[in-house]
Every structure is written in structure tokens, then in C-alpha cells.
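The structure appears below as C-alpha cells.
Read-outs throughout are calculated quantities, based only on the coordinates presented, and are distinct from any laboratory measurement. Here the structure is a predicted model, which is why all the values come from computation and not from measurement. Cβ placement follows ideal geometry from the backbone for every residue including glycine, while neighbour counts extend to all protein chains displayed.
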Amino acid sequence: MTTALVTGAGGALGRATARRLALDGAPVAALDVDEATLAETTGLIERVGGTVLPIVADLRDAAAIEAAVATAAERLGPVRVLVNNAAVYPSRPFLEVPLAEYDDVQAVNQRAYWVAAQAAARRMAEHGGGAIINVASITMHGGWSDLAAYVTTKGAVTALTRALARELGPREIRVNCVSPGAFPTAAETIHPDPEGYTRFVLERQALKRRGTAEELASVVAFLAGPDASFVTGQTIEVNGGWVMT
Ligand SMILES: NC(=O)c1ccc[n+]([C@@H]2O[C@H](COP(=O)([O-])OP(=O)(O)OC[C@H]3O[C@@H](n4cnc5c(N)ncnc54)[C@H](O)[C@@H]3O)[C@@H](O)[C@H]2O)c1
């Protein structure tokens, strides 16, 4: 498998995805702003015999994204798989969100997806194609109180997915989206009552158990690999049958 770049690789879903792609044989550039959690991801991948290059970078900085894609290419070979996974999710009533917070959410969850896709796709086009996977969220379907900025960006990345799939298809670059339901990660700490939240989730899912990060990672790996060679422009819901589309 060719080189993969995973953003937000210090977080639960990004970590599982980076690990899974490495187990599938991809050299993985693992990017995160959090050096400590990224080091844990690096150690995990090295322990299973994978090749990993940790890159500490802030996705709000477009030049840093360009540099990360270039570094990954230099050290591991051209990036042919990009997983735009990082996100921030500050929770606050819409009427109280400062513009600076909105801008920050937009920069990480949306603009960085654009910048990374552009930097990676330029190289993919030169090397015969590739795959881009954007991570959305179940929240984009039904809305979610106190998360308007986050939900907005998740809708945007599904639209970006379709636009890029159409435009980059002639270059053999496939662009897809995975939309996670509720996975028990750090993202859940925004809910004050963990047990109540789990009950809420299980009532809504068709499957009456919590999903695992590995179950999300396996769908990303499918979209990244040759088994999905004729799949582009799609959003795959990975939510235990909560929202069905
Ligand atoms: N966990 C869930 O239930 C759930 C549900 C729906 C969607 N998602 C989506 O899945 C993806 C991964 O979520 P997660 O649950 O693993 O969250 P997480 O918070 O564990 O991981 C997100 C990672 O992004 C990194 N990050 C944040 N800002 C950054 C920046 N400026 N530069 C570089 N890295 C930055 C964080 O350091 C963190 O490691 C996100 O896109 C999230 O929106 C998660």
C-alpha cells in the first residue's frame, strides 16, 4: 500500500485509523497538534511493526499543512491516501458563540480539509491517482444543539467530498466521506452525563452496543484501498443503524 497521511492521529478515531492503515501495509504520516497523544499513536504503530512518521502541526496553519504533505512525501513516498479526520467541537449555545470560536472551528474542521486535499491531490495527480477520505458526523443529519459551528463544518465536508469527487475523478482520485455516529472517545466529554448519554445512544441505534474506533477505521481502510476502486463521491454512515440513509 502507498503512503497515507492521517490528520488528528492523536485522537481515538484517527489513532485507530492510522494503526489500521499501517497494519494494511501503508507507511503512515500521523499528524496532530498534540505531541503527547501523537507519541502514543506512534508507539502503538511501531509496536505492531508499522512504519510511522509523526508530524506535529497545527491545521489552522495552511503552510504547515503544505509542509506536512511535502515532508511525508520526502520521507515515506508520495501521499496517495489522505484521511482528513481532525476536528474540534466546542459546545456553546449558538447565540453565545464568539466569531473567533466559529473561525477556529471552521479553520480546523473545514478549511484544513480543503488545504490538505489540494496539497495531496496535486501529488496524487502526478502519481496516477489516490484516495481522499473526509470524516463528517451524524450530527449533520439532524442538527445538534450547542454545536452549530461544528455541524456546519460537517455538512460542508460532505459537499466538498462530492465536488472533489466530480472534479478529481478524471485523475483517478477518489474522494469519499465517512460519517461516524457516536463513538466513545474524548469527543463525548462534552456531554455532562456519560451514562445517560450512552442510554440515549443505544435507544437510537439499531445495534444495541457502542461502536469501537476499529469499526470506524475498517470502513476508512476499505475506502482507502483497492476494494473501493469504483467508489467515489459517497458518504458512508458508520453509526450502528442510528440514522439510515
Ligand atoms: N467520537 C465520535 O463519536 C464522533 C462522532 C462523529 C464524528 N466524529 C468525528 O471523528 C473525527 C475524530 O474524532 P475523535 O472522536 O477521534 O476526536 P478526538 O478529539 O479524540 O480527536 C481529534 C484530534 O484532532 C486533533 N486536532 C484538533 N485540533 C487540531 C489542530 N488545530 N491541528 C492538528 N490537530 C488537531 C486533536 O488534537 C485530536 O487528537 C472528527 O472529525 C470528529 O468530528 C467523531
Query raised in the report: Rounded if a/c is under 1.5, else prolate if a/b is larger than b/c, else oblate: which is the chain, with a ≥ b ≥ c the root eigenvalues of its Cα gyration tensor?
Result: rounded
**Report entry** Cut-off 15 Å between beta-carbons: net charge of the residues surrounding LEU168, Lys and Arg +1, Asp and Glu -1
**Finding:** +4
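Among TYR150, TYR197, which comes first, second and so on when ranked by fewest other beta-carbon atoms within 10 Å? Write out the running numbers ahead of the final one.
Numbers: TYR150 25, TYR197 15.
With the sparsest Cβ surroundings first, the list reads TYR197, TYR150.
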Query raised in the report: GLY233's amide H: which non-local residues (gap 5+, or another chain) put their own amide H closer than 5 Å, with H modeled 1.01 Å from N in plane and none for Pro or chain starts?
Result: VAL175, ASN176
Query raised in the report: What angle, in degrees between 0 and 90 and rounded to the nearest 10, separates the Cα long axis of helix 12-23 from the longest principal axis of the Cα atoms of the chain?
Result: 30
Query raised in the report: Quick one: if you stick a label point 7 Å off each Cα along the C-beta vector at THR189 and ASP61, how many nm between them?
Result: 2.4
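Going by average Cβ neighbours within 10 Å, how do the peptides 52-64, 14-26 rank, with the highest at the top? List each step's numbers first, then the result.
Working: 52-64: 17.8, 14-26: 24.5.
In descending order of packing, they fall as 14-26, 52-64.
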